[in-house]
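Inspection log for the structure reproduced underneath, given as structure tokens.
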Amino acid sequence: MARDVLAEMGYLALGSRLKRLAERMQADASKAFVDRGIPVQATHFPLLAALTTYGPMSVTEAVEAVGISQPAVTRIHNSLQALGLTCAVPVKGDKRQRQIRLTAKGEALIAQMKHDIWPHVRRAAQALCDGPDTDILSQITRLEDSLQARPLHLRIQDEIAATSGLPPLRLVEYDERLVPEFDAITREWVEDMFTLEANDLKIIENPKAMILDRGGEILFVEAAGLGIVGTCALMRVDGDSFELTKMGVRASARGLKAGEFLLHRVLERARQMPIGELFLLTNLKCAAAVHLYEKAGFVHDADIMERYGKRYARCNVAMSYDLGKPPKL
């Protein structure tokens with residue numbers, strides 16, 4: 001009997017095994033399409049399904065509807081556009097925005113697929129899953145819901161933290177009673193290396209008006225036995241551009257990985273918000289923080305520096321983050 005290392009590794013290889021299964025099923029479905037003279041690939045299905053179900057949509061809307069990354073949606077659209085099945089058109093009244101939509105040829109092909117192939121694919125897949133076990137679609141839905149509630153990379157970090165000997169960390173939502181903590185933590189790290197600027201004071205003395213009332217978020221991290229040890233904010237600056245700002249951890253909590261914990265939770269929250277552009281401003285003197293941002297997936301961005309760097313006299317580093325990419329560990 002052939003050995004199967006992914007099966008033997010159990011839950012450790014769950015993601016790889018599901019990916020292998022998906023690729024095999026997609027390859028078989030693509031063969032069925034070829035047999036019927038249908039030019040699309042099984043990998044094109046998510047975007048085609050979204051367009052025929054919801055109608056024309058922007059790339060951002062398609063990403064939300066399909067649940068895959070922006071680059072993946074763009075690649076699928078480019079492939080379908082080359083086949084003459086989709087096109088991108090300006091949104092009426094806003095020429096800066098474009099929507100992906102099916103062409104007449106695309107709509108005709110979808111109608112053909114709905115009649116000639118989709119019912120057969122659906123029944124074949126259902127028959128493949130028939131058995132005494134729990135309905136596989138329910139299991140997949142439960143797994144997807146669990147991942148949405150808490151991504152795997154954060155669950156892995158929880159497992160690592162549980163065996164590290166460090167105090168447990170907990171995310172704490174904003175509460176008016178925590179305004180003094182937001183003020184004190186920000187003053188501590190800024191004044192340790194710099195001088196508080198007018199923009200700092202405007203934000204830390206008016207967090208509700210400057211951040212929350214404008215659609216932003218303020219989050220905190222609590223360490224068992226130490227209380228609130230860190231904070232970070234997502235602040236709307238212009239339109240759908242947000243700044244990750246006022247991230248700091250008390251000196252007394254250094255070494256607990258509270259900053260890394262908080263940054264990942266803040267980025268997780270940012271993915272749930274209507275943010276089109278996320279950036280941060282900092283200084284090379286904050287070397288540990290810059291390294292943490294780079295590790296999380298932020299990249300140095302000259303355009304951000306040009307547009308927003310003057311917000312702080314101390315700013316000599318500007319970074320941006322692609323919320324469409326999978327999070328890094």
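The values are calculated or read from the model by the stated rules, or taken from the named source; none is laboratory data. Since we're looking at a predicted model, the values are computed, not measured. Neighbour counts are summed over all protein chains in view; Cβ atoms, including those assigned to glycine, are modelled from backbone coordinates with ideal geometry. When the accessible area is computed, the model is the full protein with side chains, heavy atoms only, and any ligands, DNA or RNA have been set aside. Shrake-Rupley method; radii C 1.70, N 1.55, O 1.52, S 1.80 Å.
Annotations for the structure displayed:
- Neighbours by Cβ (under 9 Å, 6+ apart or cross-chain): first from region 93-120, farther than 25 Å from Val34 by Cβ and open to solvent by less than 60 Å² (accessible area, probe 1.4 Å); second aliphatic (A, V, I, L, M) and not in a helix (DSSP H, G or I): Gln99/Met57; Gln99/Ala88; Gln99/Val89; Gln99/Val91
- Selection count, region 242-275, where residues are within 16 Å of the chain's Cα centre (by Cα) and without any contact (Cβ under 8 Å) to a residue 60 or more places away in the chain: 10
- Check on Pro168, touching a strand residue (DSSP E or B) at 6+ places or on another chain (Cβ under 9 Å), under 30 Å from Leu14 (Cα atoms) and in contact (Cβ under 8 Å) with a residue 12 or more places away in the chain: yes
- Candidates Ile110, Ile117, Ile38, filtered to the one that is in contact with a Lys or Arg (Cβ under 9 Å, 6 or more places away or on another chain) and over 26 Å from Leu323 (Cα atoms): Ile117
- Tallying residues that are among the acidic types (Asp, Glu), open to solvent by 80 Å² or more (accessible area, probe 1.4 Å) and farther than 20 Å from His120 by Cβ within region 1-48 yields 2.
- Members of region 1-37 that are of a type in the set (D, E, K, R) and without any contact (Cβ under 8 Å) to a residue 40 or more places away in the chain: Arg3, Asp4, Glu8, Arg17, Lys19, Arg20, Glu23, Arg24, Asp28, Lys31, Asp35
- Filter result for Gly230 (free of Cβ contacts under 8 Å to residues at least 40 places away in the same chain and touching a Lys or Arg at 6+ places or on another chain (Cβ under 9 Å)): no
- Within region 177-194, the set of residues being surrounded by fewer than 16 Cβ atoms within 10 Å (Cβ to Cβ) and over 22 Å from Val237 (Cα atoms) comprises Arg177, Pro180, Ala184, Glu188, Glu191, Asp192, Met193, Phe194.
- Verdict on Leu154 being open to solvent by less than 80 Å² (accessible area, probe 1.4 Å), within 30 Å of the chain's Cα centre (by Cα) and at pLDDT below 75: yes
- Pick from region 52-90, criterion among the hydroxyl-bearing types (Ser, Thr, Tyr) and surrounded by 13 or more Cβ atoms within 10 Å (Cβ to Cβ), ranking: nearest to Val40 (Cα to Cα): Ser79
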